[in-house]
Each structure stands twice: as structure tokens, then as C-alpha cells.
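Structure, as C-alpha cells:
The values are calculated or read from the model by the stated rules, or taken from the named source; none is laboratory data. Keep in mind that this is a model prediction, so the values were computed, not measured. As a convention, Cβ positions derive from the backbone with ideal geometry for all residues, glycine included, and neighbour counts pool all protein chains shown. These area figures cover heavy atoms from the full protein model, side chains too; ligands, DNA and RNA do not enter into them. Shrake-Rupley method; radii C 1.70, N 1.55, O 1.52, S 1.80 Å.
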Amino acid sequence: MARGGLFGNLKGVDAFGKTMEDVKVKTKTGAFLTILSAAIILTFTTMEFLDYRRVNMDTSIVVDKSRGEKLNVKMNITFPKVPCYLLSLDVMDISGETQRDLSHNIVKTRLDSSGNIIADSKSNKLRNDIDVLNEQKQAGYCGSCYGGLEPESGCCNTCDEVRQAYVNRGWSFNNPEHIEQCVEEGWSDKLKDQATEGCNIAGTIRVSKVIGNLHLSPGRSFQTNYRNIHDLVPYLRDGNQHDFGHTIYDLSFTGDDEYDFNKAQKSQEMKRKLGIASNPLDRTTMKAGSAQYMFQYFLKVVSTRFELLDGKKINTHQYSATHFERDLTKGFSEKTSEGVQVSHMNSGAPGVFINYEISPLLVVHAESRQAFAHFLTSTCAIVGGVLTIATIFDSVLFATGKRLKKSGGPSGGSGYGGSGKLM
């Protein structure tokens, strides 16, 4: 066997040949390139490390496969010229589910003519008076419903119960002065006191995740012959000038995950980061030209999911919106500002109608971070690339200096000397 054995023969494939210390040539140019290379490597490696630590947001769109979910609609809307006793909120959807004159989780706040909140107006003062009157009535009292559709008890002991009986029968409730219960409660006087007021309606309602609409309209609604009818007589016959001009401070759709305070906070943080924290209809103000003026909003609700680095998922919603408004005093046919004749298929009703549709798509915003292997590979590439380029550049400078010296070029302390060292 040859001298050195098997491992001695491996020297022939050594790709990293060494030079003796006494034949190395060190120059000032090489020193400068070494310092410059170190600075470049440090700068690029720092940038790569910051990029490795940065949390990125990846967005994708998939088909929404959720079923049987609910939507939470948050609203805060002010009507400066509609008193609270005239304002009604109804919800209905394509499945036939209807919620009329909603009051659960909804707060109506009375506003004076200047838009200021009336003290203690959030608690229903009229209802408190009714409770006191009922306690004073003798046991066994059964009030008349005056021809209205009687409730299961067969009695209408309050003005509000008589009013509801009228609505259930499909009648208009416009003469409270002739109703015993209303006279005892001072209903007419209270309505006259509130006639010049406005109303703010705020709260959260829960609806099915299907096509539906919200009705903010005057008077209570009732259904007859499969049609939704609004009791407009008290609104239109009132001597005061009412209209449905309004300001939307907040209208948003949220998911059940946002009942959790921490998830709700994180959801808002993610929305701010993506620039979608505000909703399209927030801080929208609309003016009505007459009492019989209808506003319609058409919303496309898109399910949205945030996937965090810690594995948590937060489901919420965002939406796009367009709007249409119409002066009902012009009837079924009118001319637009461009002179085009337009016909309407239905008569419409004063109020604000919010129609929403559900998009079949789900937008997923997922947090991600660069893999450590990618950071390591990039760092090695930076170090190797910078040193290779610096080596080539140094070799070119060294070779050029030697050629100039041999051809009789200038020499001196600032170039490559005869000893091969830059003086």
C-alpha cells in the first residue's frame, strides 16, 4: 500500500488548497475590501434577520362551506326627525323568518330637537308608568281590546296591548284619545311632548346567515295577504314635519367568535393592520327631501377568517355597500336628472331598508413567518456571495497593478511595490 494509506490518497481531492504563510501577499486594497465586505455582510444579514422575524399576512379566497351559522348585526343609527315612539325595527329573511318591532338587545334613546340626549330617556318612562297603574288596578280587571285581535289572555290592560291588538287585526292605531287605557296612561300627552324629538337606535341583533333585510320604518308593521304592511297613519297625520334623514355611526356584521373579548380585540387589531377596520357605511349621513322618502342600502356580506401564528382562528365578516334613495311623492313614474323616464314596480314606504346578501366566498387572512432554514440559507448565500465578489475584485486590482508596473507605469508608495506588498 502506498505511503500514507488510503486516507493519504484523499489529499488529491482537497478543494480547499492551502498556501504557505510566507507567500501570502497582503495589501491595503485587500484590507479595505475586507472591511467593506464585512460591513455589507453585517447589513444584509441584519436585514435578512428582520425579515425572518417579521410576521407576514397571506390572503387567499376559498369557498365558504359553513352551514347553519348566525350573523350578529351591530348598529348605531340616529334619526333627528323621527321620535322613538314612531320608530320600529323589523327583520325578515328569505327563509320566512320574521322578527317584528325588535326590542331585545336594542336601546332607543330620545334626542331633543338639537340632537342632545334627553336625561333618563334610555329607560322607557312610559312603561314604568304603566306598571304603576297596573298595580293600582283591582284584581280581575280585564280591559277591552276595542275590536282588535285579542291576546291569549283575552284582555288588553294597557294602551300598548290595545295598540298591538289593532296591529294584529290589521288596523291602524290613530285615535288613542278614545281608548280608556291610553287616556289613563296619558298616552296622547306623552306623544305630543315627544313629537318634535329625534331618536338614536343602537344595539345588536342576531339573524340567520341567509339573504335578508332590516326595516327601520315608522309605526308597527303587520302582515296581511302575505304582504308586509306598515302603519303609516300616525307618521303621516302628525302635524310635525318628520323625515327619515339619518346618520349611521356604526353598521357592522360580526361572528360568534367576537363574543370573546380577547378575540374581538385581536380581530380589530388585524383589521387595522389590513386597513379594513372601518365599515363602508360608518359615519354616513343622508338627508331626506320630504316625509315620504325611502332609503335603501344593498350590502354584500363576505365571511372573513383570521388565522394567527398561535393556531387560533377568528371568524368575522366584512361587506361592500351601495345605496338607492327615492322620493315617494313622485309616484310610480318619474324622470331622472338625465331626462330618462323610470318606472317603479312597487309603491315603497318611508324608512331605511337595509338589504343584505351572503357571498359564497370566504376570505382567509393567515399570519406566517419565514422558515429558519430559509433564513440560514439566505445568510450563507450572502456571506459566500459577498466574499466571492470581493475576492474577484481584489484579484483584478492586484493583476492590473502588476501589469502596470511591468509596462513601466507609475510606481510609488500608493501602488503595488516590487515586494508585492502595498506600501
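The trypsin sites (Lys or Arg not before Pro) of the stretch 28-71 that meet both conditions, a loop assignment by DSSP and at most 16 other Cβ atoms within 10 Å of the site Cβ, are R54, K65, R67.
Residues whose amide H comes within less than 5 Å of that of H317, counting only those at least five positions distant or on another chain, are G255, T304 (H built at 1.01 Å from N in the peptide plane). Nonpolar atom fraction for the stretch 141-196, defined as the carbon and sulfur part of the 1.4 Å probe accessible area, stands at 46 percent. Remark: the stretch 141-196 carries a charge dipole of roughly 220 debye about the Cα centre, counting +1 on each Lys and Arg Cβ and -1 on each Asp and Glu Cβ.
Dipole check for the stretch 321-395: with +1 at the C-beta of Lys and Arg, -1 at the C-beta of Asp and Glu, and the Cα centre as origin, the magnitude is about 80 Debye. Going down the table (K26/K402; K70/K108; K271/K312), which pairs top 18 Å between alpha carbons? Flagged as over cut-off: K70/K108.
With every protein chain in place and a 1.4 angstrom probe, the accessible-area ranking of D93, D120, D51, largest first, reads D120, D51, D93. The simple spin-label model puts a point 7 Å past each Cα toward its Cβ; for F332 and S208 those points are separated by 3.2 nm. Taking amide H atoms as placed 1.01 Å from N in the peptide plane, the amide H of C145 lies under 5 Å from those of C156, each 5 or more residues away in sequence or on another chain. Working note: Karplus 6.51/-1.76/1.60 with θ = phi - 60° gives the stretch 36-43 the couplings 4, 5, 4, 5, 5, 4, 5, 5 Hz, where Gly and Pro are set to x.
What value in Å³ per residue do you get for the convex hull of the alpha-carbon atoms in the stretch 276-388?
Details: hull volume 25.1 nm³, N = 113.
Hull volume over Cα atoms, normalised by residue count, gives 223 Å³.
Applying 1/(1 + (r/R0)^6) with r as the Cβ-Cβ distance of I389 and H178 and R0 = 56 angstrom yields a FRET efficiency of 0.05.
Keeping all protein chains in place and using 1.4 angstrom, which order do Y259, Y297 fall into by accessible surface area, from largest down? Can you show the working numbers first?
Working: Y259 150, Y297 5 Å².
Highest to lowest solvent-accessible surface, that is Y259, Y297.
Under 15 Å of direct C-alpha separation, and excluding same-chain neighbours fewer than eight residues apart, K192 reaches these aspartates and glutamates: D112, E177, D238. Inverting the pair-averaged 1/r between distinct Cα atoms of the stretch 141-196 gives 11.4 Å as its Kirkwood hydrodynamic radius. The heavy atoms of L397 present about 60 square angstrom of accessible area, all protein chains included, probe 1.4 Å.
Solvent-accessible surface of protein heavy atoms, probed at 1.4 angstrom with all chains present, puts H365, H104 in the order H104, H365, largest first. In order along the stretch 293-307, the phi-based Karplus estimate (6.51 cos²θ - 1.76 cosθ + 1.60, θ = phi - 60°) of 3J(HN,Hα) comes to 10, 10, 10, 10, 10, 10, 10, 10, 8, 10, 5, 9, 10, 9, 10 Hz; Gly and Pro are listed as x. Each residue of the stretch 209-216 was assigned a 3J(HN,Hα) from its phi angle through the Karplus curve 6.51 cos²θ - 1.76 cosθ + 1.60 (θ = phi - 60°); the sequence is 7, 9, 4, x, 8, 10, 10, 10 Hz, with glycine and proline shown as x.
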